[in-house]
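In what follows, a single structure is set out as structure tokens and then discussed.
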Amino acid sequence: MTDYRLQKGWNDGYRQVVAVLYEGAFGPKFQTAIPDKQQRLAILSEGFLPEYSFVILDGQKVIGLAGIQTREGALTGGISVRQLIKRLGFWRGCWACFVFALFEREPTAKEMVLDGLVIDSAYRGEGLGTRLLDACKALAIEQNYQSLRLDVIDSNSRARALYEREGFVETARDYHPWLKRLVGFSYSTTMVCKLDALSRSRTEA
């Protein structure tokens with residue numbers, strides 16, 4: 001197996017390539033908010049907070065990304081109302097804020113939230129998603145969180161299968177039929193991985 005490198009965070013030189021990777025996975029979900037792809041990329045590139053993420057690199061190429069969110073911050077936490085209005089103008093910026101608000105999932109004090117997981121399509125099937133999830137779990141345990149939470153949309157069955165294999169269990173399902181025409185999906189499933197057992201096994205080891 002190729003020895004890809006996993007690291008927490010990344011320097012500013014990677015902003016554009018990380019934005020392209022993230023947009024490739026989640027851009028369609030944000031098209032209603034920001035129809036222009038180049039504007040989406042610029043806003044993502046400016047708004048990322050790298051310290052709230054893990055990346056996997058093949059040499060100097062970013063091939064995988066996992067964002068995290070806590071009450072202290074998030075990978076996409078730098079995308080602000082001011083930035084959106086500056087980039088898009090007042091009305092379009094306000095509209096983008098409204099659409100983005102539909103995806104917000106504020107974490108509780110005892111949980112970490114996964115703020116996006118994406119693998120370069122040329123590298124799928126190599127276990128990189130599992131490596132990124134393991135890194136997020138390890139960080140959550142280290143920082144004394146009790147669970148790792150995520151949301152997966154109805155059209156992403158492949159991602160859901162991965163999360164189930166990695167110990168995530170469905171805890172809620174939110175139906176929003178009116179979202180189908182707006183953002184392309186009609187419901188999302190909340191899944192949670194309890195970290196207590198993992199934490200105990202690491203302590204015993």
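Tabulated data
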quantity: Odd one out for ALA66, checked against (1) outside any loop (DSSP other than H, G, I, E, B); (2) exposed (fewer than 13 other Cβ atoms within 10 Å of the Cβ); calculated: (2)
quantity: Those residues of the range 152-202 which are in a loop (DSSP other than H, G, I, E, B) and either touching a Gly at 6+ places or on another chain (Cβ under 8 Å) or at pLDDT 80 or above (or both), in sequence order; calculated: SER155, GLU166, GLY167, PHE168, LEU195
quantity: Pick from the range 93-130, criterion within 24 Å of VAL17 (Cα to Cα) and among the polar types (S, T, N, Q), ranking: farthest from the chain's Cα centre (by Cα); calculated: SER121
quantity: Filter result for PHE90 (among the hydrophobic types (A, V, I, L, M, F, W, C) and under 18 Å from the mean Cα position of the chain (by Cα)); calculated: no
quantity: Residue within the range 120-133 that is of a type in the set (Val, Ile, Thr), modelled with pLDDT of 75 or more and surrounded by fewer than 17 Cβ atoms within 10 Å (Cβ to Cβ) present; calculated: yes
quantity: In the range 13-41, the residues that are over 21 Å from LEU102 (Cα atoms), touching a helix residue (DSSP H, G or I) at 6+ places or on another chain (Cβ under 8 Å) and not polar (S, T, N, Q); calculated: TYR14, ARG15, VAL18, VAL20
quantity: Residue within the range 80-99 that is touching an Asp or Glu at 6+ places or on another chain (Cβ under 6 Å) and either touching a residue at least 40 places away in the same chain (Cβ under 8 Å) or not in a helix (DSSP H, G or I) (or both) present; calculated: no
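The values are calculated or read from the model by the stated rules, or taken from the named source; none is laboratory data. Note that the structure is predicted; figures quoted are calculated from it, not measured. Quick reminder, even Gly has a Cβ in these numbers, built from the backbone with ideal geometry, and neighbours come from all protein chains shown.
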